[in-house]
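**Student:** Take a look at this one; I'll ask things after.
What follows is calculated from the coordinates using simple rules that are stated; it is not laboratory data. Keep in mind that what you see is a predicted model, and the values were worked out from it rather than measured. Ideal geometry is used to build each Cβ from the backbone, glycine not excepted, and the neighbour counts take in all protein chains shown.
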Amino acid sequence: MINSNVIGERLDAINSWLKQIFSTIDFQIEPASSDASFRRYFRVSIGDETLILMDAPPAQEDTQPFISIATFMHEHGVHVPKFTAYDIDAGFLLLSDFGNRAYLDELNEQSADSLYKAAIDSLISMQLLPLDKITLPEYSSALLHQEMSLFPEWFLNEHLSIDTPEFLTDTFNLLTKSALEQPQVFVHRDYHSRNLMHTSENSPGIIDFQDAVIGPITYDLVSLLRDCYIEWPDDKLANWVEYYYLNAIKNKLLSNSISLEKFTQWFDWMGLQRHIKVLGIFSRLNYRDGKSNYMNDLPLTLKYVRKISAKYPEFSELTTFLQQQAKIAAI
């Protein structure tokens, strides 16, 4: 439960900080959005300008990674918000406003091809960032396993009261091996339709990148194309995967020795790792954090897991488990 007194105190502090920044009280503030963390966002209007204020309580959130990564990305031409002001100790950041047209709201049969190709072009630009110019964590074996452990802990045990099957250890090891054998690049970690804004210039605007790491080349692509919030037919996905693949080779992110078939397997297995993790995350957001709306996205996420595990014989035990567990089959 959110303490309303805490909210009131934060809003008072926000108004006081903005008064200092603008040297006036002639501004308006309204909720813009929230996310899966403790961060909240407000739209601030002053004169003819609007800005976004990120409220990241310092007891729960560290804004320094956001500031460092945003500065790095902006300096290298990636379309991320610019800073107007920030106070790390208070947990306030004032950013340029990308508007309220998220990709998720703009995507349809007519717009999808151009929007996804623009997002893939931006993804290539991110993956070309010079990693020697910034220090980022690695998407290590330990981190990959830690993420997947959320699936048995929160989805199977907490949500469904199902014991953890022994075969998951081998499944997780296969997925980890596949992730680590891929070229390692800048990884946004949440590169999907809710974190891409359709802007009038240089679209998309990219947000929510503060958890970036150095990791597998297919991670952000699968986040984008097998999005937990919107689904596309296989033939469209195959076309977009090939569009990325050809551009990645052109930009020397991928070697010519990697076939499209091999790349597609990397893509599929990376998606399986991610969606196994996300089933755990959505369940944890519900049971631990009281954010029940994410449970609405379990069926599509589980559909991806079923579909990809059934495609590869290496995951036959997972496929059988998902079919035989009545509680899972009912989702």
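**Student:** Between Asp121 and Lys19, what is the spin-label point distance in nm, taking each point 7 Å from the Cα along the Cα→C-beta axis?
**Tutor:** A separation of 4.6 nm, rounded to one decimal place.
**Student:** Testing the spin-label approximation: label points 7 Å from Cα along Cα→Cβ at Ala310 and Glu30. State their distance in nm.
**Tutor:** 4.5 nm
**Student:** Can you grab the distance from the C-alpha centre of the range 38-108 to the C-alpha centre of the range 152-170, Å, no decimals?
**Tutor:** So the separation of the two Cα centres works out to 37 Å.
**Student:** Note down the nm distance, to one decimal, between modelled labels 7 Å out along Cα→Cβ at Asp87 and at Asp105.
**Tutor:** 2.9 nm
**Student:** Taking just the C-alpha trace of the chain, give me its Rg and Dmax in Å.
**Tutor:** Rg and Dmax of the chain, Cα atoms, are 20.7, 65 Å.
**Student:** Related question: Apply the a/c threshold of 1.5 to the C-alpha gyration tensor of the range 234-311 and tell me whether it is rounded, prolate or oblate.
**Tutor:** Prolate is the answer for the range 234-311, as a/c is 1.5 or above and a/b outweighs b/c.
**Student:** Please compute the length gained on full extension between His145 and Gln265, using 0.36 nm multiplied by the number of residues separating them and subtracting their Cα-Cα distance.
**Tutor:** Details: separation 120, 0.36 × 120 = 43.20 nm, distance 1.94 nm.
Between His145 and Gln265, full extension yields 41.3 nm more.
**Student:** Ok, one more. Roughly what % antiparallel, to the nearest 5, for the DSSP beta bridges in the chain?
**Tutor:** Within the chain, antiparallel bridges account for around 95 percent of the total.
**Student:** By how many degrees, 0 to 90 and rounded to 10, does the Cα axis of helix 234-250 deviate from the longest principal axis of the chain?
**Tutor:** Orientation of helix 234-250: about 80 degrees from the principal axis.
**Student:** When Rg is the radius of gyration of the Cα atoms in the range 4-96 and Rh is its Kirkwood radius, what does Rg/Rh come to?
**Tutor:** Looking at the range 4-96, the ratio lands at 0.96.
**Student:** With the cut-off at 1.5 for a/c, could you classify the range 121-209 from its C-alpha gyration tensor as rounded, prolate or oblate?
**Tutor:** Since a/c reaches 1.5 but b/c is at least a/b, the shape of the range 121-209 is classed as oblate.
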